[in-house]
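Have a look at the structure below, then the notes.
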Amino acid sequence: MPGHTFQSPTGTRDFYPADAALRRFISESWRSAAIRHGFEEVDGPTFEHLELYTVKSGEGIVSELFSFTRAGGEKTYALRPEFTPTLARLYAAKANSLPKPTKWFCTPTFFRAERPQRGRLREFMQWNVDVIGDPSPAADAEVIATCVTLFTSLGFTPKDLRVKINHRAALAKWFDSRGIPEERHAKLLALLDQKGKLSPRDFTVKLAEFGFTPEQAEVFQKGVIRVELGSGEGELTVLGTTVAREDIGVPTAAGESLDLTFFSEAVRPLALELSQAGVLDWVDFDLSIVRGLAYYTGMVFEVHEASGAERAVAGGGRYDNLIELFGGPPTSAVGMGMGDVVLALVMKDKGLLPDEARLMELAGQRPDVFVISNGSPEADAQVRSTVAMLRKAGLHARHTYKATKNVGKLLQDAAGQKARFAVIIEGPGQCQIKDMAGGGQRPAAISEIVAAVRR
């Protein structure tokens, strides 16, 4: 309809050059961190058969997906909401021929039919890192260390972000030891996962239904556990109180100890691996971190701002039964995902986003040379051939599309495009080379431009 104004769909983004440069910067940072840790890049189709998601999560997940049936077709498809089912399918198809362990990463676009809000969109990029076929704590630590490598490369420190870790299998044993029947475990895990959305009072009341006192609820509210590795196997520090490895309990205000022996086997081997990887100072062991997905079988983690200002920046864990579900052999696996939306928000809040000129440069969009004419017919005739010569030499060269002959305005055009150098054609074979950052300018032969710029 003539005159009708169209907008992008709700929960999606338009990427103008600066936005696309930021997206490229984030994705290249992800790739660099993964490759440094020995991961290989994979990908799959943007849409899969709907059954790939319902076999893992049940029919209830359909309302959270963008699903469709092709006109005239019979099969139902869904735009991918995550990568783990695709990864499991890929691995199951070639399990016998793949290396042990298999270390894969990807940076695809995903789609979720949910209400858009700060940090959460319907279309987004996500970094996935997975180690398949290694059941050891070393594989858990490798995933977390890769995550920390990314944070360090972006300028974050342990004072900005905390990796909060728990252990689902250890939690299950602990619930059993407290007499909580297995059929109630899922409800208790869901409560712990919702802790941040509840007031302390409501959380305490709901936790009391499972036999925890208000003082014990405080341990879940504030009980970050830090592991200090000394000459022995290490000790736990909970709420500022050091507890011996043989008698792991957290004294509460009422004098009753909240027994944490369940952590001794699950936490210390991982803490040792994290220490050897040099990232233990980023880590807290937090009883309330459980992750919502039911397929996690062991270690789970989330990365949060130290201030708690944003939703989780990243999250993941061990899922040792999933490959089997998709037709592969019984296979251990551990992985994580990190979305670009929250990461960019946290970088902006911390002042860690490069400025636009730097982003354009990192994305390969900053011109090396911007060629203009001094306005004479002889100079005009050499602009395009000079640009072609520079491009053949491997430089990023541009020229103006403006009709003006005003050199000052054309230099403003060069500055606006963040060009490193401006070349002003003066006549046959001659030019002025202007350093747009330093401001210096000198005469040169056109044949000297490439060498001058590369210097």
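None of the figures in this text is laboratory data; all of them are computed from the coordinates on show. Because the structure is a prediction, the values reported are computed rather than measured. Every residue, glycine among them, receives a Cβ derived from its backbone with ideal geometry; neighbour counts consider all protein chains shown.
Can you give the charge dipole size of segment 283-417 about its Cα centre, rounded to the nearest 20 debye, using +1 on the beta carbon of Lys and Arg and -1 on the beta carbon of Asp and Glu?
Roughly 800 debye for segment 283-417.
Where does each of 205-211, 49-55 land if you order them by average Cβ count within 10 Å, highest first?
Result, highest mean first: 49-55, 205-211.
Ordered by residue, what ³J(HN,Hα) values in Hz, to whole numbers, does segment 361-368 give under the Karplus form 6.51 cos²θ - 1.76 cosθ + 1.60, where θ = phi - 60° and Gly and Pro are x?
5, 5, 7, x, 9, 8, x, 6
Could you pull out the pairs from 100/173; 103/173; 195/350; 164/195; 197/348; 103/164 whose alpha carbons sit more than 20 Å apart here?
Long pairs (Cα-Cα over 20 Å): 100/173; 103/173; 195/350; 197/348; 103/164.
For residue 402, go through the lysines and keep the ones whose alpha-carbon is under 23 Å away, minus same-chain ones fewer than eight residues off.
Result set, ordered by chain and number: 418, 434.
At a Förster radius of 22 Å, what calculated FRET efficiency corresponds to the Cβ-Cβ distance of residue 69 and residue 113, to the nearest 0.05?
0.90
When only DSSP loop residues count, what chymotrypsin sites (Phe, Trp or Tyr not before Pro) in segment 361-455 have their Cβ near at most 11 other Cβ atoms within 10 Å?
The qualifying sites are 401.
Binned at 5 Å from 0, what are the whole-percent values of the Cα-Cα distance distribution for segment 138-227, short to long?
2, 11, 18, 19, 17, 13, 11, 7, 2, 0
Send over the semi-axes of segment 302-421's equivalent ellipsoid, whole angstrom and largest first, taken as the square roots of 5 times the C-alpha gyration tensor eigenvalues.
Its equivalent ellipsoid spans semi-axes of 51, 21, 9 Å.
Can you give the Kirkwood hydrodynamic radius for segment 367-454, in Å, rounded to one decimal and based on Cα pairs?
Evaluated on segment 367-454, it is 12.5 Å.
Placing +1 on the Cβ of each Lys and Arg and -1 on the Cβ of each Asp and Glu in the chain, which of 161, 203, 379 has its Cα farthest towards the positive end of the resulting dipole?
Looking along the dipole axis, the top candidate is 379.
From the phi of every residue in segment 164-176, what ³J(HN,Hα) in whole Hz does the Karplus formula 6.51 cos²θ - 1.76 cosθ + 1.60 yield, where θ is phi - 60° and glycine or proline is x?
Using θ = phi - 60°, the values come out as 9, 10, 9, 9, 5, 5, 5, 4, 4, 5, 5, 4, 4 Hz.
Taking the 0 to 90 degree range and rounding to the nearest ten, how far is the long axis of helix 383-392 tilted relative to the main principal axis of the chain, both from C-alpha atoms?
So the helix axis and the longest Cα principal axis differ by about 40 degrees.
So which trypsin sites (Lys or Arg not before Pro) in segment 136-166 pass both tests, a DSSP loop state and at most 15 other Cβ atoms within 10 Å of the Cβ?
For trypsin sites (Lys or Arg not before Pro) across segment 136-166 that sit outside H, G, I, E and B with at most 15 neighbouring Cβ atoms in 10 Å, the list reads 159.
Tell me, what is the percent relative contact order of the chain, built from C-alpha pairs under 8 Å that lie six or more residues apart?
Taking the mean separation of contacting Cα pairs over the length of the chain, I get 15 percent.
Starting from 0.36 nm per residue, how many nanometres of slack lie between residue 157 and residue 8 once their C-alpha separation is accounted for?
Here the segment from residue 157 to residue 8 would lengthen by 50.0 nm.
Among (1) 27, 61, 12, 0; (2) 23, 54, 22, 1; (3) 21, 43, 25, 10, 1, only one was calculated for this model; which label is it, if the read-out is P(r) over Cα pairs in 20 Å bins from 0, in percent?
So the calculated entry is the one marked (3).
Mind putting a number on the dipole of segment 367-454 about its Cα centre? Charges go on the C-beta only, +1 for Lys and Arg and -1 for Asp and Glu, and I need it in Debye to the nearest 20.
Using only the charged Cβ atoms, the result is roughly 280 debye.
Placing +1 on the Cβ of each Lys and Arg and -1 on the Cβ of each Asp and Glu in the chain, which of 277, 135, 90 has its Cα farthest towards the positive end of the resulting dipole?
90
Quick one: which residues, 5 or more positions from residue 426 or on another chain, have an amide H under 5 Å from its amide H? H modelled 1.01 Å from N in the peptide plane, none for Pro or chain starts.
431, 432
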